[in-house]
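The values are calculated or read from the model by the stated rules, or taken from the named source; none is laboratory data. The shown structure was predicted, so the numbers you read here are calculated from the model rather than taken from an experiment. Neighbour counts run over all protein chains shown; Cβ positions are idealised from the backbone, glycine included. Note: areas computed on protein heavy atoms with side chains; ligands, DNA, RNA excluded. Shrake-Rupley method; radii C 1.70, N 1.55, O 1.52, S 1.80 Å.
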Amino acid sequence: MIEISQILLSFILFSLIITVPVNIFNYKMFVNKKFFNLDIASFNLILNCNILLLMSILPISLRLYNSLFIFSYLIVFIYIYFIKNFKFNLLKNFIQFISIFFIIFFIISTNVASELNLGWDAKYFYYIKALFFIENQHLGDLNKFTYNAWHPHLGSFFWAFFWNLMPIKLEYFGRLFYVFLFCFSIFYVCHNNFKDKFVGNIIFILTILISYKYGRFSGLQEILIFSFLAILSRYFFLLKNSNNISYVLFILLGCNLIIWFKSEGIVYATILVLLLNFSNQISRKIKVCLNLFYISIIILKVIIYQYFDFAFNAQPYNLDHILNLNFSIIFYKLKFILSFFFYYSFINVFLVSGIIILFTLNFQRKIDNYTKLLNYYFIFSIMFIFGAYLFRDMEIEYAVRTTMERIIFTSSGFYVFLVVNFFKNLNKNLTNRLA
């Protein structure tokens, strides 16, 4: 019963991350009779995760700012929603709207609480890094961990931050933030705020059912990149209909997070920045600014790594292996890469559905900018997957058997909105024909 109460408390605390602080500067949403706006909620999530990233870099122990951070956000939340703009009907609509989100989160959380098995990488890398932060050590202390160079730290910091926040400090409460992030990302792409709630909820539930596996929440970091790719994919769609610079800014802030989750995050972030450069909805001046911004965050990461004396060469890639590749080696590797790629692609609903839908969209009379960007993403992501294994200095069969499913799952996050939006439009067209 105590743990169930803490799951409820964790949902409340996680919800603070999506409800403030952007709303402080956006009172118009209340004037327009909206208590909760999903776009604003996603902005809050990305902004607050970037704030947590900054906190993870500062040489300050977790204990000093952990509770202060949440307490200050709780005060702001109460002021905005219950003092400055309180309206009972809006609150009632909000609770009804978000109830299905909470129910799905609660069900998955109870499953995570009952399993408690950590994934291999989580057990030997991410969990140990989280323990460093729990013990009130900071980023520089991670060099004491022999295998620190293998993976960035941000996912472990999130794990430790919310683990330490709970009254009863059990490690899986930190991983429940992964559950919250996943559920929110799917909820966000399935709903258009308060419109078509029933259809959105049905698609949300079905999407969760076909994609949920406990292993995604066993401390592995792929779920984090997957969730942010799902959110950012909708931003690219919204750019099609709007010149709103906010979407460009938050795509870049999302990229800043992705490069700190896993080593391959920098590849996904670079692909997204390339897509922004290929977009017709963004002016040349803004493209120059966004490229400078992205280069700046990459340079900042390099400076931070150099300051803390972190190694960059832990991944199994080296120039000698790449230069010694010949036709027979490439052919031998491709046999395993292709076979496992097709197998794991066909069992990944988002990837196989996304590719089929994308294929059909390319046969339309007029291809819109969003479809073109999806084409570029497909090409770049496939090039990355094949290149990652071709140039990797590891036994190829072992490498693809142990990692291919996860890397395909990660990249499939960008197709989630495409698949969901296709079925929503299909339902709308069928409804109009029957009406």
For Tyr127, indicate whether it is of a type outside the set (Lys, Arg), crowded, with 18+ Cβ neighbours inside 10 Å and farther than 20 Å from Val179 by Cα. no
Do you know which residues across segment 252-276 are open to solvent by 10 Å² or more (accessible area, probe 1.4 Å) and not hydrophobic (A, V, I, L, M, F, W, C)? Asn256, Lys262, Ser263, Glu264, Thr270
Of all residues being part of a helix (DSSP H, G or I) and open to solvent by 10 Å² or more (accessible area, probe 1.4 Å) in segment 223-247, which is nearest to Ser279 (Cα to Cα)? Just the residue, please. Lys240
Out of the residues in segment 284-298 that are touching a residue at least 24 places away in the same chain (Cβ under 8 Å) and open to solvent by 10 Å² or more (accessible area, probe 1.4 Å), which is nearest to Asp121 (Cα to Cα)? Ile298
Which of the following residues is open to solvent by less than 60 Å² (accessible area, probe 1.4 Å), hydroxyl-bearing (Ser, Thr, Tyr) and in contact (Cβ under 8 Å) with a residue 60 or more places away in the chain: Ser61, Ser67, Ser72, Ser99? Ser61
Counted residues in segment 378-402 being modelled with pLDDT under 85 and basic (Lys, Arg) come to 1
May I ask you to verify whether Ile266 is in contact with a Phe, Trp or Tyr (Cβ under 9 Å, 6 or more places away or on another chain), β-branched (Val, Ile, Thr) and assigned to a helix (DSSP H, G or I)? no
Among Ile205, Ile186, the single one that is at pLDDT 85 or above and either basic (Lys, Arg) or open to solvent by 30 Å² or more (accessible area, probe 1.4 Å) (or both) is Ile205
Per the filter on segment 121-138, residues closer than 14 Å to Glu222 by Cβ and touching a residue at least 40 places away in the same chain (Cβ under 8 Å) are Asp121, Ala122, Tyr126
Going by what's in this entry, would Gly140 be described as open to solvent by less than 30 Å² (accessible area, probe 1.4 Å), in contact with a Pro (Cβ under 7 Å, 6 or more places away or on another chain) and not acidic (Asp, Glu)? yes
Listed residues Lys144, Lys197; which is among the basic types (Lys, Arg) and under 30 Å from Lys428 (Cα atoms)? Lys197
Of all residues in segment 367-415 being among the acidic types (Asp, Glu) and over 19 Å from Tyr268 (Cβ atoms), which is surrounded by the fewest Cβ atoms within 10 Å (Cβ to Cβ)? Glu395
Residue tally, condition farther than 30 Å from Val420 by Cα, in contact (Cβ under 8 Å) with a residue 60 or more places away in the chain and either part of a loop (DSSP other than H, G, I, E, B) or of a type in the set (D, E, K, R) (or both), over segment 157-178: 4
Considering only segment 119-156, state which residues are among the hydroxyl-bearing types (Ser, Thr, Tyr) and either assigned to a loop (DSSP other than H, G, I, E, B) or closer than 17 Å to Asn66 by Cα (or both). Thr146, Tyr147, Ser156
Residue that is over 22 Å from the mean Cα position of the chain (by Cα), modelled with pLDDT of 85 or more, in a helix (DSSP H, G or I) and not β-branched (Val, Ile, Thr), where the choices are Lys301, Lys287: Lys287
Could you list all residues from segment 103-118 that are open to solvent by 80 Å² or more (accessible area, probe 1.4 Å) and either among the small types (Gly, Ala, Ser) or not in a helix (DSSP H, G or I) (or both)? Ser114, Leu116, Asn117
Of all residues in segment 20-52, count the ones that are at pLDDT 65 or above and open to solvent by 10 Å² or more (accessible area, probe 1.4 Å). 9
Does Leu181 count as at pLDDT 95 or above, part of a helix (DSSP H, G or I) and surrounded by fewer than 22 Cβ atoms within 10 Å (Cβ to Cβ)? no
